[in-house]
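Participant: Got a structure here, written out as structure tokens. Questions coming.
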Amino acid sequence: MIMARNAQNTTLVVAAFDLGTTYSGYAFSFRDDPNKIQTNQNWYAGGGASRLVSLKTPTSVLLNPNGEFDSFGFEAEDKYATLAEDDEHLGWRLFRRFKMVLHSNEHLTKDVTVEDFSGKHMTAFPLFVMSIKYLRKHLLEAVTKQKFGILETDIFYVLTVPAIWDDNAKRFMRDAAVAAKIDTNRLKLGLEPECASIWCETLGMDVKCAVAIHGSHYMVVDLGGGTADISVHERNPDGTLKEILKSSGGPWGGIFVDENYMKMLGRLYGEEALIQLRKTEMSDYFDIIREFEHKKRSFDAVKTKQVVIRLSVSLRDIADKNSITSLEERIAALGIRENGITPKGPDKLKIDGTVVQSWFKTPIDMLIRHVKSALAEPNMKRVQTVVLVGGFGESSYVQERIKNELPGVRLIVPAEAGLAVLKGAVRFGHNPAIFSSRIMKYTYGISMCTLFDVENHQDKEKVMIDGEWMVNDFFLVFVRVKEEVEVDHQVTLKSLPMSKITLTNVYRTTQAYPDFTTDPGCELIGTITLEHSSDVPFEEQEIEHTFLFGDTELLVKTKNNFSGKEAFMIFESFK
């Protein structure tokens with residue numbers, strides 16, 4: 001991480017990648033004009049008269065029958081649809097929305113799998129590598145078109161990740177970026193709500209007064225397709241930021257509204273009809289998804305009494321062939337007409353606003369309950385502003401619910417809220433020191449032997465080692481949960497090697513005062529293996545165990561001061 005900061009000081013361009021659950025994109029700016037942040041404005045969906053332009057492209061990867069990368073985003077979805085309609089898609093594999101596999105995965109490894117569009121499994125890691133590699137290639141083309149002589153080695157990269165992710169998931173993303181040929185010394189992970197916070201200080205004076213004045217406290221809610229990611233920040237006198245409540249959140253993103261909508265279509269048209277539509281008229285299937293994405297973001301519970309959603313004639317035709325009853329009869333049988341769903345011609349549904357609201361209910365209820373709980377914390381009394389960003393944060397309904405249920409809080413939604421994280425990540429890359437401290441999510445430490453203490457230990461815990469009564473599995477704490485630590489804060493403890501190889505086990509827990517690494521809730525997250533010289537007595541070979549805290553990633557190393565050898569933690573899940 002220190003090497004990354006040194007590389008950042010010598011590069012000419014900062015570029016950021018946002019690999020989202022539903023949509024992805026990139027942004028960049030040159031060192032001589034860092035605030036002129038550019039994004040790709042030309043992600044195209046569909047063709048002909050229905051061609052759409054988007055600020056981001058779907059997180060979708062298409063593999064050819066040889067398992068090789070073919071395309072990404074709208075291009076991947078549209079090509080797969082064309083192949084399917086010509087019945088030429090045999091062996092081709094489309095993967096969508098695979099990022100959620102990294103959220104709350106307690107047993108995350110690089111062998112974790114995801115399903116393709118047809119339900120077949122594949123290892124997820126190569127898909128992340130392919131996605132980052134594609135974005136990197138697209139970015140390089142955009143940058144080199146603007147300035148002659150720019151080399152890839154002139155670029156410093158920021159890869160955004162949710163702040164609520166644990167250490168394993170962050171390492172997974174870094175390893176994927178490195179596998180995509182990004183130099184680890186020119187790469188930094190940016191925490192998404194922090195990046196959004198940084199971007200907000202560039203906005204109008206009204207917003208600046210809420211987030212950029214010395215002493216201001218505010219909450220950032222990054223509401224994307226998969227997750228809600230929440231942090232609370234304070235502006236320091238020198239203009240830097242510090243975290244004042246550990247990041248939190250949950251799986252309350254926009255994809256859960258999509259799932260409710262598709263369940264409704266399954267009830268109306270039949271699950272088999274939707275499956276058949278995906279197989280035979282895939283372009284129509286993607287059009288249905290894209291149409292709903294637009295309606296979802298623009299839906300307003302106050303202004304929109306009814307929503308008319310365009311589907312496809314093909315879905316109606318397939319459903320009618322699969323059923324002996326008409327759509328109208330199926331609606332009547334399900335009792336949905338009374339709830340506000342009415343067919344309008346062969347390819348449209350008129351849906352009452354209360355029905356649409358019901359699709360939002362569970363994720364937004366969970367979000368608001370969590371935000372209220374966070375604001376009720378004792379040190380949150382000065383938080384009067386909530387900054388809402390992310391693609392799902394652009395939803396008018398979501399904004400209205402937050403305003404209504406948090407009446408004492410001012411809600412700020414930046415223009416192009418879906419790009420706030422990406423643009424803020426570029427600014428963060430130019431000035432990573434803008435965050436001065438963060439709140440620890442865990443208590444971290446290592447497993448050690450310690451002298452038996454009759455007042456603190458039980459007789460059954462003691463073991464005889466080299467003539468002394470010792471206790472194994474003692475949790476030697478380096479930092480405690482909820483503790484505020486400055487960026488690059490180092491904690492170093494020393495010991496002596498007991499044998500030729502020191503195996504240091506690194507643990508974490510949400511407990512503030514653990515006694516042993518075997519206590520409930522203590523988790524082994526990684527190991528460090530360091531070999532020592534056998535030519536010198538071990539008692540003359542001092543070892544330093546160092547934790548580097550406060551940055552966006554955790555760094556742990558062990559060093560033999562006699563030989564100068566050092567080794568870094570390898571995550572247990574990725575061995």
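The values are calculated or read from the model by the stated rules, or taken from the named source; none is laboratory data. All values derive from a computational prediction rather than experimental measurement. Neighbour counts run over all protein chains shown; Cβ positions are idealised from the backbone, glycine included.
Participant: If you scan segment 132-145, which residues turn out to be touching a residue at least 24 places away in the same chain (Cβ under 8 Å) and not basic (Lys, Arg)?
Facilitator: Ile132, Tyr134, Leu135, His138, Leu139, Ala142, Val143
Participant: Looking only at segment 388-400, decide whether some residue is within 21 Å of Lys296 (Cβ to Cβ) and free of Cβ contacts under 8 Å to residues at least 60 places away in the same chain.
Facilitator: Yes, segment 388-400 contains a residue that is within 21 Å of Lys296 (Cβ to Cβ) and free of Cβ contacts under 8 Å to residues at least 60 places away in the same chain.
Participant: In segment 84-95, how many residues are crowded, with 19+ Cβ neighbours inside 10 Å and either aliphatic (A, V, I, L, M) or at pLDDT below 95 (or both)?
Facilitator: Qualifying residue count for the region: 3.
Participant: Okay, next question. Tally time: how many residues in segment 398-449 are in contact with a strand residue (DSSP E or B) (Cβ under 7 Å, 6 or more places away or on another chain), assigned to a helix (DSSP H, G or I) and under 30 Å from Asp33 (Cβ atoms)?
Facilitator: Number satisfying all stated conditions: 13.
Participant: Determine whether segment 248-266 contains at least one residue that is surrounded by fewer than 17 Cβ atoms within 10 Å (Cβ to Cβ) and at pLDDT below 90.
Facilitator: no
Participant: Please state which one of Thr325, Thr240, Thr280, Thr227 is in contact with a helix residue (DSSP H, G or I) (Cβ under 6 Å, 6 or more places away or on another chain) and outside the structural domain of Glu483 (by TED's automatic domain parsing).
Facilitator: Going through Thr325, Thr240, Thr280, Thr227 in turn, the sole match is Thr240.
Participant: Tally the residues that are over 18 Å from the mean Cα position of the chain (by Cα) and either among the aromatic types (Phe, Trp, Tyr) or within 13 Å of Val386 (Cα to Cα) (or both), restricting the search to segment 227-249.
Facilitator: The qualifying residues number 2.
Participant: Considering only residues that are among the hydroxyl-bearing types (Ser, Thr, Tyr) and farther than 14 Å from Asp167 by Cα, which ones fall in segment 506-525?
Facilitator: Those that are among the hydroxyl-bearing types (Ser, Thr, Tyr) and farther than 14 Å from Asp167 by Cα: Tyr513, Thr517, Thr518.
Participant: Moving on. Picking from Val485, Val479, which residue would you name as being under 30 Å from Gly20 (Cα atoms), modelled with pLDDT of 85 or more and in the same structural domain as Asp519 (by TED's automatic domain parsing)?
Facilitator: Among Val485, Val479, only Val485 is under 30 Å from Gly20 (Cα atoms), modelled with pLDDT of 85 or more and in the same structural domain as Asp519 (by TED's automatic domain parsing).
Participant: If you don't mind, another one. Which residues, taken from segment 355-387, are touching a residue at least 60 places away in the same chain (Cβ under 8 Å) and not aliphatic (A, V, I, L, M)?
Facilitator: Those that are touching a residue at least 60 places away in the same chain (Cβ under 8 Å) and not aliphatic (A, V, I, L, M): Ser358, Trp359, Phe360, Thr362, Pro363, His370, Glu377, Asn379, Arg382, Gln384, Thr385.
Participant: I'd like to know if segment 509-527 contains one or more residues that are more than 28 Å from the chain's Cα centre (by Cα) and either small (Gly, Ala, Ser) or on the phi > 0 side of the Ramachandran plot (or both).
Facilitator: No.
Participant: Report whether or not Ala176 is modelled with pLDDT under 95, of a type in the set (A, V, I, L, M) and touching a strand residue (DSSP E or B) at 6+ places or on another chain (Cβ under 9 Å).
Facilitator: Judged against the criteria, Ala176 is not a match.
Participant: Name the residue that is modelled with the lowest pLDDT, counting only residues in segment 3-34 that are over 23 Å from the mean Cα position of the chain (by Cα) and among the hydrophobic types (A, V, I, L, M, F, W, C).
Facilitator: Only one residue tops the list, namely Met3.
Participant: Can you confirm whether segment 369-388 contains a residue that is part of a loop (DSSP other than H, G, I, E, B) and at positive phi?
Facilitator: no
Every residue, every condition in (1) surrounded by 17 or more Cβ atoms within 10 Å (Cβ to Cβ); (2) among the aromatic types (Phe, Trp, Tyr); (3) farther than 19 Å from Cys449 by Cβ, yes or no:
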position: Pro497; (1), (2), (3): yes, no, no
position: Leu524; (1), (2), (3): no, no, no
position: Glu542; (1), (2), (3): no, no, no
position: Gly550; (1), (2), (3): yes, no, yes
position: Glu553; (1), (2), (3): no, no, yes
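Participant: Right, next: With respect to Val471, determine if the residue is touching a helix residue (DSSP H, G or I) at 6+ places or on another chain (Cβ under 6 Å), surrounded by 17 or more Cβ atoms within 10 Å (Cβ to Cβ) and under 28 Å from Leu493 (Cα atoms).
Facilitator: For Val471, the condition - touching a helix residue (DSSP H, G or I) at 6+ places or on another chain (Cβ under 6 Å), surrounded by 17 or more Cβ atoms within 10 Å (Cβ to Cβ) and under 28 Å from Leu493 (Cα atoms) - is met.
Participant: To continue, here is another question. What number goes with the only condition from (1) surrounded by fewer than 17 Cβ atoms within 10 Å (Cβ to Cβ); (2) closer than 29 Å to Ala163 by Cβ that Pro537 does not pass?
Facilitator: Pro537 satisfies every listed condition except (2).
Participant: Would you tally the residues in segment 555-564 being farther than 15 Å from Tyr444 by Cβ and either exposed (fewer than 15 other Cβ atoms within 10 Å of the Cβ) or touching a Phe, Trp or Tyr at 6+ places or on another chain (Cβ under 7 Å) (or both)?
Facilitator: Of the residues in that region, 3 qualify.
Participant: Right, something else. With respect to the numbered conditions (1) under 24 Å from the mean Cα position of the chain (by Cα); (2) among the aliphatic types (A, V, I, L, M); (3) under 29 Å from Leu274 (Cα atoms), which one is the sole condition not fulfilled by Val389?
Facilitator: Result: Val389 passes all but (3).
Participant: Also, quick follow-up: Report, by residue number, each residue of segment 180-233 that is under 18 Å from Ile434 (Cβ atoms), of a type in the set (Val, Ile, Thr) and assigned to a helix (DSSP H, G or I).
Facilitator: Ile198, Val207, Val211
Participant: Is there a residue in segment 283-299 that is touching a residue at least 40 places away in the same chain (Cβ under 8 Å) and over 30 Å from Thr57 (Cα atoms)?
Facilitator: Checked against the condition, which is being touching a residue at least 40 places away in the same chain (Cβ under 8 Å) and over 30 Å from Thr57 (Cα atoms), segment 283-299 yields no hits at all.
Participant: Then there is this: With (1) polar (S, T, N, Q); (2) surrounded by 22 or more Cβ atoms within 10 Å (Cβ to Cβ); (3) within 23 Å of Asp18 (Cβ to Cβ) as the list, and Thr443 as the residue in question, which single condition is left unmet?
Facilitator: (3)
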